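Enquirer: I'd like to ask some things about the structure below.
The values are calculated or read from the model by the stated rules, or taken from the named source; none is laboratory data. Computed from a predicted structure; not experimentally measured. Glycine gets a Cβ as well: all are built from the backbone with ideal geometry, and neighbour counts include every protein chain shown. Ligands, DNA and RNA are stripped out before the accessible areas are found, and what is left, the full protein with its side chains, is counted by its heavy atoms. Shrake-Rupley method; radii C 1.70, N 1.55, O 1.52, S 1.80 Å.
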Amino acid sequence: MNAETGKTALITGASSGIGQELAKLFAQDGYNLVLVGRSEDKLDRLSEVFKSNYGTQQILVINKDLSEEDAAQDIYNQVQEAGITVNVLVNDAGASTYGLFATETNWEREKQIIHLNVLTTTLLTKLFLKDMVARNEGRILQLASLVAVTPFPLMAVYAATKAYIWNLTQSLINEIKDSNVTMTALMPNATATNFFREAGAPKLTVEDTMDDPAMVAKDAYKALMKGEAKVIPGGVSNKAQEVMAYVSPQETLAAMMRRLLTPKDESGQEKTPVWTIVGVAAAVVAGIALVSAFNNMDPVDKARYRYKAGKLKSKATGLIDEAGDALSEAKDTAADKWSDLGQMAGRAIANVFG
Ligand SMILES: NC(=O)c1ccc[n+]([C@@H]2O[C@H](COP(=O)([O-])OP(=O)(O)OC[C@H]3O[C@@H](n4cnc5c(N)ncnc54)[C@H](OP(=O)(O)O)[C@@H]3O)[C@@H](O)[C@H]2O)c1
């Protein structure tokens, strides 16, 4: 392909998972690379593969623990000394702990994670963004997460760090809007990488519904190259989760998200939470799509759909009343009632399309 020969992408966390898949896409596209991580041997092997498979001209491997105090400045200095201009920065490296904040997780590890996910990411962004703005050229991809907009009990500190990255990114996008520099927040749903194992988690319920890191990287790469403000990889159910995060009570969301992190062997009696979220949110997303499709219809089709919508309206009113009663009557089992609402919304949508 070699569309971008001569340009350089710096990718932290390139040794595995989403970062490795992103590095591959940059290599395929003709970028030179700066690969950063602690696993020097893996990064060296990856360099050889990229050189032989894609003819990558220049790869600098930087072996660095990004939870260390001066990590970001050290990386910047090494890149400067090598005379490399970084055209794309991918802040991918990140980690979590798993467990109850009050009694189970370790503060020293949490401090490292805050340093890695927040401080190093922020300073790398500052150092490279300044140069990009001066050149009026460049792109930055920030690894946030869908949990940036939801509570995530048992990974509480991690989710808080991702909320920080999400917020920082959206502010900076506004600050650089008059330049040719772009910044994109990547918000993956749970993805099948080493992430949960590295966090020390047991086998979790969420593992049944994980996304493919190659898919996540492809969607992210496309959005980054278009300069989009955010990207939620995957289908409508992932996008619907973000919508749901904005419309659901926080208490209910927290209970649902916690169930995702329940060990598999303890989750036998639990109802599947994520699909309940998705049911309601998919209804919202589908509703928006319907309205926009309706606006573009010819008058005969519009009349037909108005008739169907009239019938649906009376059914939906009943369903919403039913759901409202259910929700108000059962505070303790709000998550279950939300599930009912999701199924009702799903039936309502099926009615429109049927
Ligand atoms: N997997 C998910 O469900 C998910 C969902 C949303 C967002 N994310 C985010 O996606 C990013 C990539 O995670 P992943 O899922 O691909 O997990 P992964 O396979 O565990 O990869 C994590 C990467 O970060 C690097 N890293 C971790 N700690 C480091 C440190 N102290 N210093 C330098 N590098 C470090 C690792 O490299 P070394 O081990 O070589 O240092 C590795 O390359 C993270 O920011 C994560 O928060 C993941």
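Enquirer: Does at least one position in region 145-165 carry a residue that is part of a loop (DSSP other than H, G, I, E, B) and aliphatic (A, V, I, L, M)?
Expert: There is at least one residue in region 145-165 that is part of a loop (DSSP other than H, G, I, E, B) and aliphatic (A, V, I, L, M).
Enquirer: Considering only region 123-161, state which residues are surrounded by fewer than 23 Cβ atoms within 10 Å (Cβ to Cβ) and in contact with an Asp or Glu (Cβ under 7 Å, 6 or more places away or on another chain).
Expert: Scanning region 123-161 gives 149, 157.
Enquirer: So how many residues does region 188-201 have that are near the ligand (Cβ under 6 Å from one of its atoms) and more than 14 Å from residue 257 (Cβ to Cβ)?
Expert: 6
Enquirer: Something else now. Testing residue 112 on (1) closer than 27 Å to residue 34 by Cα; (2) open to solvent by 40 Å² or more (accessible area, probe 1.4 Å); (3) part of a loop (DSSP other than H, G, I, E, B), one condition comes back false. Which one is that?
Expert: (3)
Enquirer: For region 194-244, name all the residues that are under 18 Å from residue 265 (Cβ atoms) and among the acidic types (Asp, Glu).
Expert: 207, 208, listed by residue number.
Enquirer: Is it fair to say residue 231 is touching a residue at least 60 places away in the same chain (Cβ under 8 Å) and within 15 Å of the ligand (Cβ to nearest atom)?
Expert: no
Enquirer: Take region 202-213 and flag every residue that is open to solvent by less than 40 Å² (accessible area, probe 1.4 Å) and away from the ligand (no atom under 11 Å from the Cβ).
Expert: 205
Residue by residue, here is whether (1) open to solvent by less than 20 Å² (accessible area, probe 1.4 Å); (2) out of contact with any Pro (no Cβ under 6 Å at 6 or more places or on another chain); (3) over 13 Å from residue 15 (Cβ atoms) holds:
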residue	(1), (2), (3)
44	no, yes, no
47	yes, yes, no
57	no, yes, yes
75	yes, yes, yes
82	no, yes, yes
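Enquirer: Does residue 96 satisfy the condition of being open to solvent by less than 50 Å² (accessible area, probe 1.4 Å) and without any contact (Cβ under 8 Å) to a residue 60 or more places away in the chain?
Expert: No.
Enquirer: Continuing with this model, one more query. Of everything in region 165-187 that's in contact with a helix residue (DSSP H, G or I) (Cβ under 6 Å, 6 or more places away or on another chain) and away from the ligand (no atom under 12 Å from the Cβ), which residue is most open to solvent (accessible area, probe 1.4 Å)?
Expert: Here the answer is 179.
Enquirer: OK, next. From 174, 167, grab the single residue that is farther than 24 Å from residue 71 by Cα and either without any contact (Cβ under 8 Å) to a residue 40 or more places away in the chain or touching a Phe, Trp or Tyr at 6+ places or on another chain (Cβ under 7 Å) (or both).
Expert: Unique residue meeting the criteria: 174.
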